[in-house]
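Comments concern the structure below.
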Amino acid sequence: LKSVDGKEAQRLVADGGILLDVRPKEDWSKFTAKGSGNAQYYKYPKTEDFANPKTLLRQTLLRSQGVGQAVEANTEFISDALEAIGDASTVIVCCSNGGTMTATENFPAGQSSRSLLAAAELMRSGSKVKVYHLAGGLNSWFKQRLDGEGSD
């Protein structure tokens, strides 16, 4: 898996790739990189999800620990991602922070992120799409003053 910066991601998109934001759709719709698609790796539970006793217990326990709006795994991630990718042969996966595969003293195996987990899952899915990772995530994208869009 190769990590690319925002400028390289833009070049890959210009060559027919797609930037895939894997944050929850509510966050994506507020603000994201211009032209990105969305396939949420984790999602905020819907009201009807709380009818499931496991979800209700998990969310209650997380809130008791001070977690305001906890997320749940999106079991449909691969199908959502492939639908968002469409006919593109290249995808650049992004999230807020991006994580890193570079070892540091505090993170000898790198620092995990939604986008790294999502990219690995896409690569394991058997899809023929070429997968890249946005280094530094959307924080880095906007620090490079690249375009964004959304309701915020």
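The values are calculated or read from the model by the stated rules, or taken from the named source; none is laboratory data. Note that the coordinates shown come from a computational prediction; the quantities given were computed from them, not determined experimentally. Every residue, glycine among them, receives a Cβ derived from its backbone with ideal geometry; neighbour counts consider all protein chains shown. Calculation scope for accessible area: heavy atoms of the full protein, side chains included, ligands and nucleic acids excluded. Shrake-Rupley method; radii C 1.70, N 1.55, O 1.52, S 1.80 Å.
If you go through the range 110-124 one residue at a time, how many are among the small types (Gly, Ala, Ser) and either surrounded by fewer than 16 Cβ atoms within 10 Å (Cβ to Cβ) or assigned to a strand (DSSP E or B) (or both)?
Of all residues in the range 110-124, those among the small types (Gly, Ala, Ser) come to 110, 112-113, 115, 118-120.
Adding the requirement that they be either surrounded by fewer than 16 Cβ atoms within 10 Å (Cβ to Cβ) or assigned to a strand (DSSP E or B) (or both) leaves 110, 112, 120.
Here the count works out to 3.
I'm told LYS130 meets every condition in (1) over 12 Å from LYS2 (Cα atoms); (2) at pLDDT 90 or above; (3) surrounded by fewer than 18 Cβ atoms within 10 Å (Cβ to Cβ) except one. Can you identify the failing condition by its number?
Answer for LYS130: the failing condition is (1).
Here are some conditions: (1) of a type in the set (Lys, Arg); (2) in contact with an Asp or Glu (Cβ under 7 Å, 6 or more places away or on another chain); (3) modelled with pLDDT of 95 or more. ARG124 meets all but one. Which one does it not meet?
Exception for ARG124: condition (2).
Starting from residues that are assigned to a loop (DSSP other than H, G, I, E, B) and closer than 23 Å to ASP27 by Cβ, keep the ones in the range 96-109 and report whichever is least open to solvent (accessible area, probe 1.4 Å).
The selected residue is GLY98.
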